[in-house]
Number of protein chains: 2
Amino acid sequence: MKKYRDIGLKLTPQRLAILDYLEGNKCHPSADDIYKEVLKKFPTMSFATVYNTLATLKEKNTIRELTIDPGKKRYDSNTEPHNHLICVSCNQVIDIHVQFNLDLPQGMNKDFTVLRNHVEFHGLCPLCKEKQL
Amino acid sequence: MKKYRDIGLKLTPQRLAILDYLEGNKCHPSADDIYKEVLKKFPTMSFATVYNTLATLKEKNTIRELTIDPGKKRYDSNTEPHNHLICVSCNQVIDIHVQFNLDLPQGMNKDFTVLRNHVEFHGLCPLCKEKQL
DNA sequence: CTGGCTGCAAATCTTTTGCATCCTG
DNA sequence: CAGGATGCAAAAGATTTGCAGCCAG
C-alpha cells in the first residue's frame, strides 16, 4: 500500500479496496465488476465512488481505460505498454507482453502526431474454440 | 444501389438511406449520428430501425463495428482490413490503408487462434495539436 | 478545520426489446 | 400474401451529475 501514497490523492478505504482489486487482476474488469467486488467489503459503496475513483486514477495514469469491449469500458492496472488478445466469442481479454515497433510509412498522415500504438489480436480463446467443435 | 441487391435482404428506402450515408462517409459515425442524418430524409425513422439495420449489415459483413470510442459503438462501411489513427483529444478516427504483418512470437499463447489483428495509433490530429499550443 | 471524497438518487446516454402495423418480394 | 421490416414506446444497461454530509490530511 505504500506505493499508493505517492499518487497524490487522499487515501480512503474504498479507494484502497478498488486499487487492491485492480492490482491483483488480469481480467480487465468493467466498472460494474469492480463495483460488485468492492461492495462485498463495503456494503455502502456506490457507483459514483467507483467512477470517481476510476476517473481520478486514469488522470494520474495509474490505470488504463480500455475501449475493447463493445458496450462497456474496461480497466487495466497494468500501465506498461502492452497489447491484447481478444476472444471474439466471450470477449475475454488476455495481456500479451510483446512490443511491436510500428511506424506510419514515410509521408503518410505526417500532420498526425503519434503518441503510442495498441495492437489487438482478435480470435478464439481455447475454451470457446472447444465449444465450437 | 445495384450492388446492395446481392446482400440478400429486403431493400427498404430506410435501409438504402442508411447504406448511402455510410458509403460516402469516412468519419466512422455512431448509431446516433446515422439516426440524426437519416431522420432528415425520413422523419418517421426510429432508432430501432437504425440498430436493426446495423446489426443485420454487421452479420452480412457489409459493415464493421468499431470498438474504439469509449462510450459508444462506431460503424465503418469499409470492410477491407485496415487500421486507424485515433485522436486522443477529439476522438476523431482516421483510416490508414497500411497492412502490418504481425504474428505472435513462437510458443506464446499457442492455444489462442488468431483470426485478425487491428492496430490503433493514438495521438493528436492536426486540429487538436493547434488548439493545444 | 477544510477541501476533497462518499453515498444516494436522479438524470443522461446508448442500446435493446415487444408488439402492432406496414410493405417488399 | 407472408414474412421480414418499420415505428413507437418502454426497458435495460452504462455512465454522469448534483448535492448534502463525512473524514483524511
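Just a yes or no: is a residue in segment A:8-17 outside any helix (DSSP H, G or I), on the phi > 0 side of the Ramachandran plot and modelled with pLDDT under 95?
Within segment A:8-17, one or more residues are outside any helix (DSSP H, G or I), on the phi > 0 side of the Ramachandran plot and modelled with pLDDT under 95.
Condition first: facing chain A (nearest Cβ under 9 Å), touching a residue at least 40 places away in the same chain (Cβ under 8 Å) and not in a strand (DSSP E or B). Now tell me which residues in segment B:89-126 satisfy that.
Residue satisfying the conditions is B:Cys125 alone.
Taking B:Glu23, is it more than 14 Å from every other protein chain (Cβ to nearest Cβ) and more than 10 Å from DNA strand C (Cβ to nearest atom)? Please lay out each step first, then the result.
Numbers: more than 14 Å from every other protein chain (Cβ to nearest Cβ): yes; more than 10 Å from DNA strand C (Cβ to nearest atom): yes.
Yes; evaluated as a whole, the condition is true for this residue.
Which of (1) surrounded by fewer than 18 Cβ atoms within 10 Å (Cβ to Cβ); (2) within 14 Å of another protein chain (Cβ to nearest Cβ); (3) hydrophobic (A, V, I, L, M, F, W, C); (4) more than 9 Å from DNA strand C (Cβ to nearest atom) is the odd one out, the single condition B:Leu39 does not satisfy?
Only one criterion is unmet by B:Leu39, namely (2).
When residues of segment A:66-90 are filtered for being of a type outside the set (D, E, K, R) and within 11 Å of DNA strand D (Cβ to nearest atom), how many remain? Steps first, answer last, please.
From segment A:66-90, those of a type outside the set (D, E, K, R) are A:66-68, A:70-71, A:75, A:77-79, A:81-90; that's our starting set.
The next check asks that each one be within 11 Å of DNA strand D (Cβ to nearest atom); those that pass are A:66-67, A:70-71, A:75.
Here the count works out to 5.
Hey, does segment B:9-23 have a residue that's surrounded by 17 or more Cβ atoms within 10 Å (Cβ to Cβ), within 30 Å of A:Gly107 (Cβ to Cβ) and touching a Ser or Thr at 6+ places or on another chain (Cβ under 7 Å)?
Looking through segment B:9-23, at least one residue is surrounded by 17 or more Cβ atoms within 10 Å (Cβ to Cβ), within 30 Å of A:Gly107 (Cβ to Cβ) and touching a Ser or Thr at 6+ places or on another chain (Cβ under 7 Å).
What are the pairs, 6+ residues apart or on separate chains, where a residue within segment B:42-65 that is within 10 Å of DNA strand D (Cβ to nearest atom) has its Cβ under 8 Å from a residue that is among the basic types (Lys, Arg)?
B:Thr53/B:Arg15
Please verify whether B:Ile34 is touching a Ser or Thr at 6+ places or on another chain (Cβ under 8 Å), over 22 Å from B:Ile96 (Cβ atoms), within 10 Å of DNA strand C (Cβ to nearest atom) and in contact (Cβ under 8 Å) with a residue 40 or more places away in the chain, treating the condition exactly as stated.
Numbers: touching a Ser or Thr at 6+ places or on another chain (Cβ under 8 Å): no; over 22 Å from B:Ile96 (Cβ atoms): yes; within 10 Å of DNA strand C (Cβ to nearest atom): yes; in contact (Cβ under 8 Å) with a residue 40 or more places away in the chain: yes.
Judged against the criteria, B:Ile34 is not a match.
Among the residues of segment B:47-78 satisfying the criterion of being closer than 25 Å to B:Phe100 by Cα and away from chain A (no Cβ under 14 Å), which is surrounded by the fewest Cβ atoms within 10 Å (Cβ to Cβ)? Give the derivation first.
Within segment B:47-78, the first condition is being closer than 25 Å to B:Phe100 by Cα, and the residues that meet it are B:58, B:61-70, B:73-78.
Now narrow it down to the ones that are away from chain A (no Cβ under 14 Å): B:62, B:77-78.
Details: B:Thr62: 17, B:Ser77: 19, B:Asn78: 15.
Within segment B:47-78, the match that is surrounded by the fewest Cβ atoms within 10 Å (Cβ to Cβ) is B:Asn78.
Could you identify the single residue in B:Thr67, B:Thr62 that is over 25 Å from A:Pro81 (Cβ atoms) and either modelled with pLDDT under 95 or of a type outside the set (Gly, Ala, Ser) (or both)?
None of the others qualify; the one that does is B:Thr62.
Look through segment B:60-88, keep the residues that are within 19 Å of A:Lys73 (Cα to Cα) and assigned to a loop (DSSP other than H, G, I, E, B), and return whichever of them is nearest to DNA strand C (Cβ to nearest atom).
B:Gly71
The values are calculated or read from the model by the stated rules, or taken from the named source; none is laboratory data. Note that the coordinates shown come from a computational prediction; the quantities given were computed from them, not determined experimentally. Please note: Cβ atoms are built from the backbone with ideal geometry, for glycine as well, and neighbour counts cover all protein chains shown.
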